[in-house]
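Asker: Here it is, the structure, as structure tokens.
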Amino acid sequence: MGVVKVNLNENSYDVVIEKGIFDSASRELNLCRKVLIVSDSGVPFEYVQKLNSQCKDAVIAVFKKGEAHKSLKTMQRLFSLMLKNNFTRKDCVVALGGGVTGDLAGFTSASYMRGIDFYNIPTTVLSCVDSSVGGKTAVNFDKVKNIIGAFWQPKKVLIDVNLLKSLSERQVSNGLAEALKMSLTFDKDLFNLFKTENPCEHLEEIIYRSVQLKAKVVEQDEKEAGLRKVLNFGHTIGHGIELTSKEKLYHGECVALGMLCMTGDDVRKELIPVLNKLKLQTVCSFNEEKVCKTIMHDKKSKGDLISTIFVERLGEYKIKDSSVAELKELLKVIKK
């Protein structure tokens, strides 16, 4: 499909989006050194083996899949493995997996010896369109999502839609929810593609356009001081639901629910049929008090107020500070 350049001066890098690119990863990445391949149990091991065969000296670390394992404990295991195998600042970490893997591997590479090279090869639609770009790395702690982390840009990202073939229909929709988020806030034409076409038949195009949009945002606001906050559309409430669902709901499914709470009536009427097409929930059961308590730990909170993103017209947004009481009222939109 093409290459998206993320222009961040000395931290600039390419996102290569090309079918079959994984088969020639060694031509795109510097793997002629010690490489820590970080993956999870949900990724087909044949992918790990294929990457391993392209490395000069690889160490493989596969952890159990799921948010519960995006933790300091797992990170500690990775550090121990790197020390045991004498990794230096000249070596690198490669994430091969979804958002959890990318976040964990990225934060590990940012922290080991105060920072070593990091490459990302996402294997889910969600990580392709969102977490693999932008350098936000983190782990969860004390039941708070992504509360400990660092901004650490990858040296390169490889996106190969062939790696998405093993995903279930639910996992594909889970990822497309994040691309839908980009369309609602920045690109009305992309939303119309979701509305009028079968998104699964345009997967590579949707990923490419989503990465382009995110790259533009990150270039203007690398460390989330302003514009980048817009990428959190649907996430404030979404994270609250996700953490209280005990992993019964996927991240994108929760973001979709969160977006419904943060749209005007006219946009919501257009959004619901698209979510139905993707077989994403538009209502769910949850404990309001627990969700609100989780929201208060949000990184975007300022005292009793939380910075939130609203979409009242397609392709446009506004940022406003909301109280927990206001968010609690908005939760009624999705309450089963």
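The values are calculated or read from the model by the stated rules, or taken from the named source; none is laboratory data. Note that the coordinates shown come from a computational prediction; the quantities given were computed from them, not determined experimentally. As a convention, Cβ positions derive from the backbone with ideal geometry for all residues, glycine included, and neighbour counts pool all protein chains shown. These accessible areas exclude ligands, DNA and RNA; they are computed on the full protein's heavy atoms, side chains included. Shrake-Rupley method; radii C 1.70, N 1.55, O 1.52, S 1.80 Å.
Asker: Out of the residues in region 227-248 that are assigned to a helix (DSSP H, G or I) and of a type in the set (Gly, Ala, Ser), state the one that is nearest to Arg313 (Cα to Cα).
Answerer: Gly238
Asker: Still on this structure, please answer the following. Quick test of your reading of the structure: Leu126 fulfils all but one of (1) in contact (Cβ under 8 Å) with a residue 60 or more places away in the chain; (2) out of contact with any helix residue (DSSP H, G or I) (no Cβ under 6 Å at 6 or more places or on another chain); (3) open to solvent by 10 Å² or more (accessible area, probe 1.4 Å); (4) in a helix (DSSP H, G or I). Name the failing condition by number.
Answerer: If we test Leu126 against (1) in contact (Cβ under 8 Å) with a residue 60 or more places away in the chain; (2) out of contact with any helix residue (DSSP H, G or I) (no Cβ under 6 Å at 6 or more places or on another chain); (3) open to solvent by 10 Å² or more (accessible area, probe 1.4 Å); (4) in a helix (DSSP H, G or I), just (2) comes out false.
Asker: Check whether at least one residue in region 43-58 is among the basic types (Lys, Arg) and more than 22 Å from Cys128 (Cα to Cα), and report yes or no. Before you say what the answer is, go through the steps one by one.
Answerer: First pass over region 43-58, keeping only residues among the basic types (Lys, Arg): 50, 56.
Remaining after also requiring more than 22 Å from Cys128 (Cα to Cα): 56.
Yes, region 43-58 contains a residue that is among the basic types (Lys, Arg) and more than 22 Å from Cys128 (Cα to Cα).
Asker: Is there any pair linking a residue in region 67-90 that is at positive phi to one that is outside any helix (DSSP H, G or I), with Cβ under 8 Å and at least six apart or on different chains, and which?
Answerer: From region 67-90, the pairs are Asn86/Lys34.
Asker: Within region 227-235, is even one residue over 19 Å from Val15 (Cα atoms), touching a strand residue (DSSP E or B) at 6+ places or on another chain (Cβ under 7 Å) and open to solvent by 50 Å² or more (accessible area, probe 1.4 Å)?
Answerer: Our first condition is that a residue be over 19 Å from Val15 (Cα atoms); within region 227-235, this holds for 227, 229-230, 232-235.
Those still in the list that are touching a strand residue (DSSP E or B) at 6+ places or on another chain (Cβ under 7 Å) too: 229-230, 232-233.
If we keep only those that are open to solvent by 50 Å² or more (accessible area, probe 1.4 Å) as well, we get 229.
Checked region 227-235: at least one residue is over 19 Å from Val15 (Cα atoms), touching a strand residue (DSSP E or B) at 6+ places or on another chain (Cβ under 7 Å) and open to solvent by 50 Å² or more (accessible area, probe 1.4 Å).
Asker: Here is a list of conditions, (1) surrounded by fewer than 13 Cβ atoms within 10 Å (Cβ to Cβ); (2) under 23 Å from the mean Cα position of the chain (by Cα), and Ile116 meets all of them except one; can you say which number that is?
Answerer: (1)
Asker: In region 267-290, how many are farther than 25 Å from Gly98 by Cα, in contact (Cβ under 8 Å) with a residue 24 or more places away in the chain and part of a helix (DSSP H, G or I)? I'd like the intermediate steps shown before the answer.
Answerer: Of all residues in region 267-290, those farther than 25 Å from Gly98 by Cα come to 267-273, 283, 285-290.
If we keep only those that are in contact (Cβ under 8 Å) with a residue 24 or more places away in the chain as well, we get 267-268, 270-271, 273, 283, 285-288, 290.
Adding the requirement that they be part of a helix (DSSP H, G or I) leaves 267-268, 270-271, 273, 288, 290.
Matching residues across region 267-290 total 7.
Asker: For region 152-162, what are the residues that are crowded, with 18+ Cβ neighbours inside 10 Å and part of a helix (DSSP H, G or I)?
Answerer: Val161
Asker: Listed residues Ser168, Ser183; which is touching a helix residue (DSSP H, G or I) at 6+ places or on another chain (Cβ under 8 Å), modelled with pLDDT of 95 or more and either within 20 Å of Leu96 (Cβ to Cβ) or of a type outside the set (Asp, Glu) (or both)?
Answerer: Values: Ser168 fails: touching a helix residue (DSSP H, G or I) at 6+ places or on another chain (Cβ under 8 Å).
Sole residue among the options that is touching a helix residue (DSSP H, G or I) at 6+ places or on another chain (Cβ under 8 Å), modelled with pLDDT of 95 or more and either within 20 Å of Leu96 (Cβ to Cβ) or of a type outside the set (Asp, Glu) (or both): Ser183.
Asker: While we're here: Somewhere in region 163-170, is a residue of a type in the set (Gly, Ala, Ser) and surrounded by fewer than 19 Cβ atoms within 10 Å (Cβ to Cβ)?
Answerer: Yes, region 163-170 has at least one match.
Asker: Take region 1-57 and flag every residue that is buried (at least 18 other Cβ atoms within 10 Å of the Cβ) and small (Gly, Ala, Ser).
Answerer: Across region 1-57, the qualifying residues are Ala25, Ser39, Gly42.
Asker: Right, another one. Tell me whether region 195-216 contains one or more residues that are modelled with pLDDT under 95 and among the basic types (Lys, Arg).
Answerer: Within region 195-216 (the criterion being modelled with pLDDT under 95 and among the basic types (Lys, Arg)), the answer is no, since none of the residues qualifies.
Asker: Given the criterion in contact with a strand residue (DSSP E or B) (Cβ under 6 Å, 6 or more places away or on another chain), among the hydrophobic types (A, V, I, L, M, F, W, C) and at pLDDT 90 or above, identify the matching residue among Val311, Val283.
Answerer: On the way: Val283 fails: in contact with a strand residue (DSSP E or B) (Cβ under 6 Å, 6 or more places away or on another chain).
Result of the check over Val311, Val283: Val311.
Asker: What is the one condition in (1) in a strand (DSSP E or B); (2) open to solvent by less than 60 Å² (accessible area, probe 1.4 Å) that Val62 does not satisfy?
Answerer: For Val62, the exception is condition (2).
Asker: Moving on to the next point. Just to be sure I understand, how many residues within region 254-278 are open to solvent by 60 Å² or more (accessible area, probe 1.4 Å) and polar (S, T, N, Q)?
Answerer: The total comes to 1.
Asker: Something else about it: Could you list, in sequence order, the residues of region 79-101 that are open to solvent by 10 Å² or more (accessible area, probe 1.4 Å) and part of a helix (DSSP H, G or I)?
Answerer: Phe79, Ser80, Leu81, Leu83, Lys84, Gly99, Val100
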